[in-house]
Amino acid sequence: MAALRAQRAEAARFRRSVTLVALSVIAPGSAQIIAGHRKAGKIVLGVAAGLLAITLLVLWLVPLQDLAGLAVRPWLLSTFKVFVFGVALAWVVVIIDAWRLGHPPGLNQKHRLIMIGATLALAAMVSTPFVVAARYATAAHDAVVEMFPSGEVAAASDGRLNILLLGVDAGDGRVGIRPDSINLVSVDVRTGEPAMISLPRNLENTRFPDGTPADDEFPRGFSGEGDESDYMLNATWTFGEENPELFEGPSGPGPTAVKQAVEGTLGVPVHYYVAVDLQGFRDIIDAIGGITIDVHEELPIGDKGRVLEPGVQELDGYHALWYARSREGSSDYARMARQRCVIGALVNEADPRTVLANFLDLADASKSVVTTDIPQQDLTNLIDLAMKAKDQEMTSLQFVPPLIAPADPNIGLIQDQTDALLSGDAETGGSEPTESPTEEPTEEPDEGSDEPTEEPDEGSDEPTEVPDEGSDEPTEEPDEGSDEPTDEDSGDAGSGDEGSGGESGDEDESSGPVGMSSVCSYE
């Protein structure tokens, strides 16, 4: 009988131990109250209840854009990281104390081992969300500090903020950095209405703002003796690096040169720039889980006969980069249109839920491929502006033939068209460049590179292997190590357009602004 009573007493102690530890997970502090440590238990329970109530109120009352704005303040991220670690540690201590109050020495060996395992498992369970939150805070802090400098906040001009988006190549075999994609995104700071203006990289005689040293050096536009490719719009970055005395400023001489060239040519201020390394752009696409694009025409992928089939496609980073950069069988201007589609699709896919779900990968990818002069102090305002712009139709205008002749552009026309678009006076409509194989020359050297970074196989320009109809992906797995979409192996048609300005140099007013999603069909 004595042994049976002892066994029953031990079983009761075991059940009590399990209850105390479980209560510490559900309501921290309640185990201490039950065990007689009422003062300590009430303090812990009150703090836990208060933290839960504050968290729920913040999530309920504070708009998402305000929360996102808080997430780009380095000091707040550091404080939050310390705070969540502190909460996790305190909760683990409370669970371990509940295990102690269960009187482990009074349990048999089997029950002691069970309680040790259960206590450790529950401690790990409650601390994991806080550790994940701390990792997110650390990733956000590092991304903000490494990507965005400290500096002065730019004031909007005529109610609009203008950000220059550059896709750049700086790989082996290239002389300096030459922007491959040049787009100005302008957002109305009151309404969030966005507009995108695209300039061809082979634009000649670009202007610099009045009164700048570069304008004094090139009063008739950016031009000079020698190779004409050294005086195109995409050569201004390298020129700036080589002549820093002409382009002083916190952004650096290269980016400042491009910003000034775009500003002087369009006649609107450029407040910030964002440059993305195109070879790393695929990592950003992969980090958000890919993008959806309606591919209008078959596009070659690499030099092995693979193609990207027409139709709505879910593209990963590798194929999205090929879609944006492939020139074989199409013009440089059609490629510009595809690049704008990729930008629109990326913005369309980057909703808060997707960004949060893939935040760690996205932050890591962005740190290595993005450079910008956007100051940390302006990130909160820009996030609020991005939230306004996201749900609105983006109007797009690209300066390509027949609207302009890149070799001899009408700067007055460019500035008038830009002013009409940004002031809301432009009429949407007009034509977009198509991807017709007969539109422009297809095999020309890239003016942005002295030597090809990767030589394609001879005789492999035409696709010889076509995937099944309706397939979202090529049937053969791409060899990513040898099939990168560089300017050389995708058949640059840009320099074929440079000298002549395209098939027609006539200015055609019908090539006006268009709604981007209606052209790209990425939604």
What ranking do 401-413, 354-366 get when scored by the average of other Cβ atoms within 10 Å per residue, highest first?
401-413, 354-366
If a/c stays under 1.5 just call it rounded; otherwise compare a/b with b/c (prolate if a/b is bigger, oblate if not). Do that for region 292-434, with a ≥ b ≥ c from the square roots of the Cα gyration tensor eigenvalues.
oblate
Packing-ranked peptide list from 126-135, 368-377, 333-342, highest mean Cβ count within 10 angstrom first, is 333-342, 368-377, 126-135
Dipole in debye (nearest 20) - region 3-61, about Cα centre, beta carbon charges: Lys, Arg +1; Asp, Glu -1
340
Going by a ≥ b ≥ c, the root eigenvalues of the Cα gyration tensor, does region 35-94 fall in the rounded group (a/c under 1.5), the prolate group (a/b larger than b/c) or the oblate group?
oblate
What shape does region 110-156 take by its C-alpha gyration tensor, where a ≥ b ≥ c are the square roots of the eigenvalues and a/c under 1.5 counts as rounded, a/b above b/c as prolate, and the rest as oblate?
prolate
Would you work out which of Pro244, Ile285, Phe218 lies farthest towards the positive end of the dipole of region 208-333? Charges go on Cβ: Lys and Arg +1, Asp and Glu -1.
Ile285
Please give the peptides 63-69, 316-322, 256-262 ranked by average Cβ packing (other Cβ atoms within 10 Å per residue), highest first, as a rough proxy for protection.
256-262, 316-322, 63-69
Whole-Hz ³J(HN,Hα) for each residue in region 414-424, computed from phi via Karplus 6.51 cos²θ - 1.76 cosθ + 1.60 with θ = phi - 60°, x for glycine and proline: what do you get?
4, 5, 5, 5, 5, 5, 5, 5, 6, 8, x
Options Ser366, Leu379, Gly302, ranked by Cα towards positive dipole end of region 299-385, top entry (Cβ charges):
Gly302
Sequence-distant or interchain residues sharing an amide H contact under 5 Å with Val274, placed H: which?
Leu164, Leu165, Leu166
At Glu349 and Ala12, where each label point lies 7 Å from the Cα along Cα→Cβ, what is the point-to-point distance in nanometres?
6.3
Net charge near Leu77: determine it from the other residues with C-beta under 14 Å of the C-beta of Leu77, scoring Lys and Arg +1 and Asp and Glu -1.
+1
Around Asp216, with a cut-off of 15 angstrom between Cβ atoms, what is the net charge of the other residues, counting Lys and Arg +1 and Asp and Glu -1?
-3
What accessible area, in Å² to the nearest ten, does a 1.4 Å probe give for Met232?
0
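The values are calculated or read from the model by the stated rules, or taken from the named source; none is laboratory data. The model shown is predicted, which means the values in this text are computed figures rather than measured ones. Cβ atoms come from the backbone with ideal geometry, glycine included; neighbour counts cover every protein chain shown. The accessibility values were calculated without ligands, DNA or RNA, using every heavy atom of the protein model including side chains. Shrake-Rupley method; radii C 1.70, N 1.55, O 1.52, S 1.80 Å.
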